[in-house]
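Asker: Can you read through this structure? Questions will come right after.
FYI, it's all coordinate maths here, none of it is from the lab. What you are looking at is a predicted structure, and each value in this text was computed from that prediction instead of being measured. Virtual Cβ from ideal backbone geometry, glycine too; neighbours counted across all protein chains shown.
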Amino acid sequence: SAIDLLRHVEKDVLIPKMMREKARELCSDKVQAFTKCCQESGFLMVVKCQQENAALKQCLTTYYNDPAFYEECKIEYLKQREEFRATGIPAKQRQQKLPTSM
């Protein structure tokens, strides 16, 4: 089946990249807290933002290590790959070309 035919680059690079992007969205509150702490702390961020950094890492790692999340991203990746093969237009460009309401 098509799902078994993932190339090495897809399994090891493209799907993990999608996982990272989606995990960052899902952990966006922790990303924002860490970013805000770093902006406020300047050079002391290494010391001052340990809690925020730990919370962010834990959130991201939970998603990275979740086999169900990997499957979800793999299915979404395959869907995008199919659409790209059918249309020749990458997903990001397709979203940009949608007409915007005035």
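Asker: What is the helix-to-structure angle for 28-41, meaning the angle in degrees between its Cα long axis and the longest Cα principal axis of the chain, kept from 0 to 90 and rounded to the nearest 10?
Answerer: 40
Asker: Before anything else, pin down the relative contact order of region 7-92: Cα pairs under 8 Å, at least 6 apart, normalised by residue count, whole percent. Kindly include the intermediate steps, with their values, before the conclusion.
Answerer: On the way: 49 pairs, mean separation 28.2, N = 86.
Relative CO of region 7-92 lands at 33 percent.
Asker: On a 0 to 90 degree scale, rounded to 10, what angle separates helix 15-26 from the longest Cα axis of the chain?
Answerer: Tilt relative to the chain: about 50 degrees.
Asker: Determine the calculated [θ] at 222 nm for the chain from helices alone, applying -39500 (n - 2.57) to every DSSP H run no shorter than 4 residues and normalising by the residue count; nearest 500 deg cm²/dmol.
Answerer: Per the formula, -22000 deg cm²/dmol.
Asker: Just rank Arg85, Arg24, fewest to most, by other beta-carbon atoms within 10 angstrom.
Answerer: By the 10 Å Cβ count, ascending: Arg85, Arg24.
Asker: Going down the table (Lys22/Lys48; Lys36/Lys74; Lys30/Lys92; Lys36/Lys79; Lys30/Lys74), which pairs top 29 Å between alpha carbons? Show your work: numbers first, answer last.
Answerer: Details: Lys22/Lys48 27 Å; Lys36/Lys74 32 Å; Lys30/Lys92 25 Å; Lys36/Lys79 36 Å; Lys30/Lys74 25 Å.
In this structure, Lys36/Lys74; Lys36/Lys79 lie more than 29 Å apart at Cα.
Asker: How far is helix 50-64 tilted off the main Cα axis of the chain, in degrees rounded to 10, range 0 to 90?
Answerer: 20
Asker: Another question about this same structure. Just rank Phe34, Phe84, fewest to most, by other beta-carbon atoms within 10 angstrom.
Answerer: Working: Phe34 20, Phe84 14.
Listed from fewest to most nearby Cβ atoms, that is Phe84, Phe34.
Asker: Tell me, for the chain, which Cys residues have no other cysteine's C-beta sitting closer than 4.7 Å.
Answerer: Isolated Cys, the chain: Cys38, Cys73.
Asker: OK, next. What's the local net charge at Pro67, with K and R +1, D and E -1, over the other residues with C-beta under 14 Å away? Write down the numbers at each step before the final one.
Answerer: Details: positive: Lys11, Lys74; negative: Asp66, Glu71, Glu72.
Residues close to Pro67 contribute a combined charge of -1.
Asker: Taking all pairs of different Cα atoms in the chain, averaging 1/r and flipping that mean, what Kirkwood radius in angstroms comes out?
Answerer: 16.0
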